[in-house]
Amino acid sequence: MGGRHNIELALPGASIGAVAGAMAGGLTLFAGQPIGLATLSALALAVPLALFGGLYGMLLGHGIFRPGTFGPVGLYWMAAFPVSRLAQESVAGVGLSDGVLPFLAYQAMVSLGFAIGFVWLHERLMPHWLVRRAAVNPRAEELLAQYVRFAQMVRVRKGARR
C-alpha cells in the first residue's frame, strides 16, 4: 500500500480545505482589499487548510479517526485551523496587532464552527469517493466498510426509536 493509496484518501479533505480557504480568502475582496492582496490571502489560507484536510483523510484511513465522530476531529481542527490562519495572517494580513496568543485563542474558538462544516461536508463526499476507489485501493475498501458499518448502526438505532 503505497503513497498513491494515501493520496487518494487525502483528496476529498484536501479539496474541501482548498475550497474553504479560497472562499474565505476571497471574502477579503468584499472587505475592500485589492485583488492582489485578496488572491494572496486566499492562497495563504487555502494551502494550509488543504494540507490539514488531506491529512485528516489519511488519518481517517489509518484508523486514527472514525466515521461519525466529532470530538477528536474538533480537537484536530482546534489546532489545525489556528495554525492555518496564522500562516495566512503572516503572509497577507495585519490581524496580529493584539498579539499572537489572543489571535490564536480566538481562532481556536472559531475553529469548531469550521470543524462542524468540514466534517459535515466530508461525511457526505468521502463515501462516494470511496465507492469509486475501493476496487483498486485496499485502504479505501477498508474505510468504506467502516462507513457501511456506521450507516447500518445508525439505521438500526433509528429503527429502535420508532
Legend entry - the chain: angle of helix 3-30 to the longest principal axis, Cα-based, in degrees nearest 10: 40 degrees
Legend entry - Kirkwood-based Rg to Rh ratio, the chain, C-alpha trace: 1.05
Legend entry - Highest average packing first - 54-61, 19-26, 128-135, 152-159, Cβ atoms within 10 Å: 54-61, 19-26, 128-135, 152-159
Legend entry - Burial ranking of peptide ranges 137-144, 102-109 (average Cβ count within 10 Å, highest at the top): 137-144, 102-109
Inset, instruction - Could you work out how far apart the two model spin labels at Glu141 and Ala105 are, taking each label as a point 7 Å from the Cα in the direction of the beta carbon, and quote it in nm? - result: 5.1 nm
Inset, instruction - Subtract the Cα-Cα distance of Leu75 and Ala31 from 0.36 nm times their separation in residues, and report this length gain in nm to one decimal. - result: 12.8 nm
Inset, instruction - Using only Cα atoms, find the angle between the long axis of helix 35-61 and the longest principal axis of the chain, and express it within 0 to 90 degrees, rounded to the nearest 10. - result: 30 degrees
Legend entry - Mean residue ellipticity (222 nm) of the chain, computed from DSSP H runs ≥ 4 via -39,500 (n - 2.57), nearest 500: -30000 deg cm²/dmol
Inset, instruction - Please arrange Phe81, Phe52, Phe30 by counting, for each residue, the other beta carbons lying within 10 Å of its beta carbon, fewest first. - result: Phe30, Phe52, Phe81
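Read the figures in this text as sums done on the coordinates, not as results from a lab. All values derive from a computational prediction rather than experimental measurement. Using ideal geometry, Cβ is built from the backbone for each residue, glycine included, and neighbour counts are taken over all protein chains shown.
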